[in-house]
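Data block below; observations after.
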Amino acid sequence: VDPDVNPYSMGAGNPPPALTGREDQEQQFRTLLARLAGGLSDRSMIVSGLRGVGKTVLLLEFEGIAKDAGWTAPRPIEIKSDTDFRSELADAAYQALLQLSARRALGDRLRSFTGLLRGFKVGASSDGGVEFSFDPAAVSGSTGDLERDLMYLFEELGQTAREHETGVVFLVDEMQFLAREELEAVAAAMHRMSQTKLPIALVGAGLPQLPGLVGEAKSYAERLFAYPRLGPLSEDAARQALVAPSEARGVSWCDEALARIISESGCYPAFIQAYGKEAWNHAPGSPIRAIDILDAEPLVLAQLDEEFFHVRFEKATDREREYMAAMADIGDGPYRTADIAERLGRRLSYTSAPRDSLIKKGLIYSPDYGQVDFTVPKFSPFMRRRYPLHEGKRDP
Ligand SMILES: Nc1ncnc2c1ncn2[C@@H]1O[C@H](COP(=O)(O)OP(=O)(O)OP(=O)(O)O)[C@@H](O)[C@H]1O
Ligand SMILES: [Mg+2]
C-alpha cells in the first residue's frame, strides 16, 4: 500500500495513530485532575514499564487531556544523566505561569515568582527560553535547598492556579535518572500539595525500577503516589492499534496477518508499530495478508536491531556488554546475579560493578533481590543473535 500515507509510527516518543489499551490509566488521570480541581486530594501518578511500552506517548496524551480539562500543562521534562533539574523545573513553572497569566494578569504575583525562579536558575545557562528582564533586586525566595525551594514554588504556583480556578500538572519523563535528593524534593513537594490540597499534580514516567527509587527517597511516597505499571497491550488493544489507523484509510487486514503480528510482537507497542509500518509498505494492496507480514519480517527485524536494540547496546562498555552477553547466554530473564557471575567464570563481587553501572544507565533493572533483567523487551534474543558470549574470552 502507498508508503506516502503509511500511518504507523516508529520511533521513541512518536504518538501512535491510534493510542489503544490505556483507558484505565487515562481514566485514573482524569479522576486525579477532577478531584484536585474540586479541592479534594488524590494521588499523583508514577508510571513505569519497559522500553517501548508507551510511557512517553502516554505522558503526551496526558498533556492533551489536561489541557482539554482546562488545566495548565507545561511540556514534559525529559530527564537525562546531565539534566539540570532545577533549571528545567523553573522553565516548566515559568511556562505554567505564562499560560496562567494569559488568562488573567498576574501583577504582583508574577514579580515575586520571578524572584523565586531566578533563585532556581542560579548557575544555569540562560538559553533555556526563560527571560528575566525584571529588577534583579526583586526579592528572591530561593534558599538554595532544593526540597524547600520546590515546596515553596509548588505552593505559590498552586495558590495562583487555585485563584485562577485551574491547576498545573508537571510531566516528568525518564524520571529514574533523577538523583536521590531530587526525588526526595519532588516527593516532599508533592506531600505538601496533598496536605494543602492545592491543584498541582505530577506524573512521572520511567523504567521498572522507578517506583522503588521513589519509595526509597521518602517512606511516605508509597502512599503519596499511585503506581500504574504499563505492560504489553492486550490482544484486542494490539489489534485495534493496527486496524483503526488503516480502516480510516480504507485498508483492511486479514485475520491471520493480525494474528502473526500479535504473536511475533508480544503485543509490545513499539514492535506493533514496526510491524504495522513495514507490512503496510510491503503489501501490494488491501487487505494486508499473512504472506505480506512474512515478506516484511526480515526488514522489521533489521530495523528493530538498528533503531531499538543497537542504540541501547552502544551505551555499554566492553565489560558491561560481556555482562549482558552472559545474561542472554543463560536464556530469557529474570536472571540470578549469581548465575551470571558463574557464567562469566567470575566472583559475584567482581560482577557487581558492571551490574550497577548497567542499572544506572537504564539497560537492566533488578525485579527482585539478587535478580536482574533487561529493561528492553526481547533484548536477550538480540544479544544472542548479534553479540553471543564468547567462551574463554575474558577481559584482564
Ligand atoms: N497504547 C499504544 N497504542 C499504540 N501504539 C503505541 C501505544 N503506546 C505506544 N505506542 C507506540 O510505541 C512506540 C513506543 O512508545 P514510547 O516511545 O512512548 O515508549 P516508551 O515507553 O516511552 O519507551 P522508552 O522507554 O524507550 O522511552 C511508539 O512508536 C508509539 O507510537
Ligand atoms: Mg520514552
In the stretch 44-67, the residues that are part of a helix (DSSP H, G or I) and either of a type outside the set (F, W, Y) or near ligand 1 (Cβ under 8 Å from one of its atoms) (or both): K55, T56, V57, L58, L59, L60, E61, E63, G64, I65, A66, K67
Just one listed residue, out of L98, L116, is modelled with pLDDT under 75 and part of a helix (DSSP H, G or I), and it is L116
Residues that are hydrophobic (A, V, I, L, M, F, W, C) and either within 16 Å of ligand 2 (Cβ to nearest atom) or at pLDDT below 95 (or both), drawn from the stretch 6-21: M10, A12, L19
Residue identified as at negative phi and in contact with a Lys or Arg (Cβ under 8 Å, 6 or more places away or on another chain) among P334, P388, P354: P354
Exactly one of these conditions fails for S9: (1) surrounded by fewer than 20 Cβ atoms within 10 Å (Cβ to Cβ); (2) over 30 Å from D305 (Cα atoms); (3) not acidic (D, E). Give me its number. (2)
Could you say whether any residue in the stretch 68-79 is within 16 Å of ligand 1 (Cβ to nearest atom), under 29 Å from D145 (Cα atoms) and surrounded by fewer than 19 Cβ atoms within 10 Å (Cβ to Cβ)? yes
Among helices (runs of 4 or more DSSP H) entirely inside the stretch 212-284, those with 1 or more residues being within 16 Å of ligand 1 (Cβ to nearest atom) are 235-247, 255-265, 269-282
In the stretch 162-204, the residues that are outside any strand (DSSP E or B), within 20 Å of F62 (Cβ to Cβ) and either of a type in the set (G, A, S) or within 16 Å of ligand 1 (Cβ to nearest atom) (or both): G167, E174, M175, Q176, F177, L178, A187, A189, S194
Considering only the stretch 68-85, I want to know if a residue exists there that is assigned to a helix (DSSP H, G or I) and at pLDDT 95 or above. yes
Please enumerate the residues belonging to the stretch 51-95 that are within 13 Å of ligand 2 (Cβ to nearest atom) and basic (K, R). R51, K55, K80
Checking D24 against (1) within 16 Å of ligand 2 (Cβ to nearest atom); (2) among the charged types (D, E, K, R); (3) modelled with pLDDT of 95 or more, only one condition comes out false. Which one? (1)
If only one of A326, A341, A316, A353 is assigned to a loop (DSSP other than H, G, I, E, B), modelled with pLDDT of 95 or more, hydrophobic (A, V, I, L, M, F, W, C) and farther than 21 Å from L230 by Cα, which one is it? A316
Count - residues of the stretch 240-253 that are over 12 Å from P16 (Cα atoms) and surrounded by fewer than 17 Cβ atoms within 10 Å (Cβ to Cβ): 5
Taking only pairs six or more apart or across chains, which ones have beta-carbon atoms under 9 Å, a first residue in the stretch 10-29 that is on the phi < 0 side of the Ramachandran plot, and a second residue that is within 16 Å of ligand 2 (Cβ to nearest atom) and among the aromatic types (F, W, Y)? M10/F308; A12/F308; Q25/F62; E26/F62; F29/F62
So which residues in the stretch 166-191 are away from ligand 2 (no atom under 16 Å from the Cβ) and in contact with a Pro (Cβ under 9 Å, 6 or more places away or on another chain), if there are any at all? T166, G167, V168, V169, F170
Restricting attention to the stretch 287-295, does a residue exist that is touching a Lys or Arg at 6+ places or on another chain (Cβ under 7 Å) and among the basic types (K, R)? no
Matching residues in the stretch 157-178 - criterion: being among the hydrophobic types (A, V, I, L, M, F, W, C) and closer than 17 Å to A90 by Cα: L157, A161, V168, V169, F170, L171, V172, M175, L178
Name the single residue that is nearest to ligand 1 (Cβ to nearest atom) among those in the stretch 1-38 being farther than 18 Å from V243 by Cβ and among the basic types (K, R). R30
All-but-one check, G276 against (1) in contact with a helix residue (DSSP H, G or I) (Cβ under 7 Å, 6 or more places away or on another chain); (2) closer than 21 Å to P7 by Cα; (3) surrounded by fewer than 23 Cβ atoms within 10 Å (Cβ to Cβ), failing number (3)
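The values are calculated or read from the model by the stated rules, or taken from the named source; none is laboratory data. The model shown is predicted, which means the values in this text are computed figures rather than measured ones. No Cβ is skipped: glycine too gets one built from the backbone with ideal geometry, and neighbour counts run over all protein chains shown.
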